[in-house]
Amino acid sequence: MRNTALSIILMSLVFSANGKSLPIDNSTPFFLSSRGTKLADVLRDLGANYQLPVVVSKKIEGTFIGTIDSVNLSDAMNKLAQLYQLAWFYDGQALYIYLAQEVESRLLTPDYLRPATLIKQLNSVELLDPRQCRIKAVAASNAIEVYGVPVCVERVELFAKRLDTQAINREQNQEVVKLYPLKYATAADSQYSYRSQQVIIPGVVSLLREMSEGRSLPLASEQSKPQSTERQLPMFSADVRQNAVVVRDKRANLGLYENLIKQLDHRPKLVEVSVTIIDISAEVLGQLGIDWSGSVNFGGSGVTFNSNTGLSDSNFSTVIPNIGNFMLRVSALEKNARAQVISRPSLLTLDNMQAILDRNVTFYTKINSARDARLESISTGSLLRITPRIVEENKKQAVMLSLVVQDGKQTPALSEQEPLPQTSNAEIVTHTLLNKSEALLLGGFIQDQNSEGVTKIPLLGDIPILGALFRSKQNRATQTVRMFMITASSKQ
């Protein structure tokens, strides 16, 4: 039963109802009588008689014994196909002849086009044949099955891939606009000012513009083609109301932007920064446990630093491992009026985001010119610019700080003839790494203070003229060292 079914299939293949008909020239009928000519040669001679290129499969090896008497090309091919179980296919240019056993099927899976669309386009180019080159959609799968002679299967596969690729390129090269909402990052630039200086923090849109540098990102298949100059792509914009990034570019490039935006829009870590500003008399610096030769002792713990520092400049910095013991010493000096905690500001900022602590006094001075006069503002005081960055190592977190500390004050005018106000400023720029429970101590700002006082005997010192014998004036000059103790810790 199986052999019978196979014979029926093979017999159905020997007859061809081609999409393109064979050329028929009745004025030159073909005649052949042979007792042992190779079948392949007979087929080539048949095509040559009608001036038709013939491609014969290498698997056709039989010999022809018989007669072909004055028949046209189509009848001759049908007769030979029936006798020798051949399958032939005419594409309008050449005649391809195979053994019936060479007919094959192949499964094609397009990447973009739907099977129905692909089949419709293949039918429109007259590439198929009802018997020797046909296709059908595979149910429940985005695939088509090609069935026919090898040349048909190869051409259909090549043409289908080309159609699918062209459709993908059209889709990917399509200009689209897409909105990317952000959760944590900022789409537009952020800016703030302090002491007449403006700071701009680039947003995601600025980063994307810098990355693209105003040039389009062409597909690999289009890199050799000249780019259009009508519109420069990509284009980026910020929707401030929704905190979203608007991208206008080719569809093929959207995946690149989406991945980059996801990496930029991550949840930031929080860092708490505290600053304690302390003024302490230079006379009692030794009571803090500071050894100016290069070591400091806090509660039995020692840290080496600033080996060549002297009291004349009082510039020093160190990492305090025990904050509690240090503050106990400061409190003791504060009770004796030898130290004073000016302020203890604290703030919560984002990882790797600059924070500013500014305690200043602003005064105005009049500046005259040839045509007009104007007021100029001058600010002075304590300013800290801190940029923390969380560093993780060996499953432990530390905070790296980039610090700029400025301390200033107003000083008297140089002379009555030049009454312009003067300011005295000092600045420290440093970097440090703080572990948990550690603090950075910065010093070096010396302030000279002159004070006048009157001592007298009660009542007697108030007597006119004679009271001068019972009172005296005292001028006292003191030096105060300003220190900054900075702590930083990450907040989950």
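The values are calculated or read from the model by the stated rules, or taken from the named source; none is laboratory data. Please read these numbers as outputs of a predicted model, since none were measured by experiment. Cβ sites come from the backbone with ideal geometry, for glycine too, and all protein chains shown count toward neighbours.
With (1) in a strand (DSSP E or B); (2) surrounded by fewer than 14 Cβ atoms within 10 Å (Cβ to Cβ) as the list, and K120 as the residue in question, which single condition is left unmet?
The failed condition is (1).
Which residue pairs have Cβ atoms closer than 7 Å, lie 6 or more positions apart in sequence or on different chains, and pair a first residue in the stretch 156-181 that is basic (K, R) with a second residue that is modelled with pLDDT of 85 or more?
Hits for this filter: K178/V247; K178/L254.
Residue check: is I119 within 25 Å of F31 (Cβ to Cβ) and β-branched (V, I, T)?
Considered against the rule, which asks whether it is within 25 Å of F31 (Cβ to Cβ) and β-branched (V, I, T), I119 comes out as no.
Name the residue that is farthest from the chain's Cα centre (by Cα), counting only residues in the stretch 362-393 that are aliphatic (A, V, I, L, M), surrounded by 10 or more Cβ atoms within 10 Å (Cβ to Cβ) and farther than 23 Å from I486 by Cα.
Restricting to residues being aliphatic (A, V, I, L, M), surrounded by 10 or more Cβ atoms within 10 Å (Cβ to Cβ) and farther than 23 Å from I486 by Cα, the top hit is I367.
Looking at the stretch 124-140, can you tell me whether even one residue there is at pLDDT 90 or above and basic (K, R)? Break it down stepwise before answering.
Our first condition is that a residue be at pLDDT 90 or above; within the stretch 124-140, this holds for none.
So far as the stretch 124-140 goes, no, none of its residues is at pLDDT 90 or above and basic (K, R).
What number of residues within the stretch 356-376 satisfy the criterion of being over 19 Å from G408 (Cα atoms) and assigned to a strand (DSSP E or B)?
Qualifying residue count for the region: 6.
I'd like to know if the stretch 419-436 contains one or more residues that are without any contact (Cβ under 8 Å) to a residue 12 or more places away in the chain, more than 28 Å from V199 (Cα to Cα) and among the polar types (S, T, N, Q). Give the steps one after another, and end with the answer.
Within the stretch 419-436, the subset without any contact (Cβ under 8 Å) to a residue 12 or more places away in the chain is 419.
Still in the running and more than 28 Å from V199 (Cα to Cα): 419.
Checking which are among the polar types (S, T, N, Q) leaves us with none.
No: the stretch 419-436 contains no residue that is without any contact (Cβ under 8 Å) to a residue 12 or more places away in the chain, more than 28 Å from V199 (Cα to Cα) and among the polar types (S, T, N, Q).
Go through (1) modelled with pLDDT of 55 or more; (2) surrounded by 15 or more Cβ atoms within 10 Å (Cβ to Cβ) for F305 and report which single condition fails.
Against the list (1) modelled with pLDDT of 55 or more; (2) surrounded by 15 or more Cβ atoms within 10 Å (Cβ to Cβ), F305 comes up short only on (1).
Could we say that D164 is at pLDDT 85 or above, within 30 Å of T380 (Cα to Cα) and in contact with a Pro (Cβ under 8 Å, 6 or more places away or on another chain) here?
Considered against the rule, which asks whether it is at pLDDT 85 or above, within 30 Å of T380 (Cα to Cα) and in contact with a Pro (Cβ under 8 Å, 6 or more places away or on another chain), D164 comes out as no.
Within the bounds of the stretch 75-89, is there any residue that is in contact with a Leu (Cβ under 8 Å, 6 or more places away or on another chain), at pLDDT below 90 and within 25 Å of K161 (Cα to Cα)?
Yes; the residues of the stretch 75-89 include at least one that is in contact with a Leu (Cβ under 8 Å, 6 or more places away or on another chain), at pLDDT below 90 and within 25 Å of K161 (Cα to Cα).
Would it be correct to say that T387 is in the same structural domain as E283 (by TED's automatic domain parsing), out of contact with any helix residue (DSSP H, G or I) (no Cβ under 8 Å at 6 or more places or on another chain), closer than 24 Å to M327 by Cβ and of a type in the set (V, I, T)?
no
Give the stretch 262-287 a look and list any residue that's closer than 24 Å to E334 by Cβ and surrounded by 18 or more Cβ atoms within 10 Å (Cβ to Cβ), or say none.
Within the stretch 262-287, V273, V275, T276, I277, I278, I280, S281, L285 meet the criteria.
Looking at the stretch 267-285, I want the residues that are over 20 Å from L401 (Cα atoms) and have a partner that is among the charged types (D, E, K, R) and assigned to a loop (DSSP other than H, G, I, E, B) with Cβ atoms under 6 Å, at least 6 apart or on another chain. Which pairs are those?
Within 6 Å, the pairs are S281/R338; V284/R338.
Kindly indicate which of V199, V240, V245 is surrounded by 16 or more Cβ atoms within 10 Å (Cβ to Cβ), of a type outside the set (G, A, S), under 22 Å from M353 (Cα atoms) and at pLDDT 80 or above.
Numbers: V199 fails: surrounded by 16 or more Cβ atoms within 10 Å (Cβ to Cβ); V240 fails: surrounded by 16 or more Cβ atoms within 10 Å (Cβ to Cβ).
Just a single option satisfies the conditions, and that option is V245.
How about the stretch 68-97: which of its residues are under 20 Å from Y147 (Cα atoms) and in a strand (DSSP E or B)?
L86, A87, W88, F89, Y90, L95, Y96, I97 - these are the residues of the stretch 68-97 that are under 20 Å from Y147 (Cα atoms) and in a strand (DSSP E or B).
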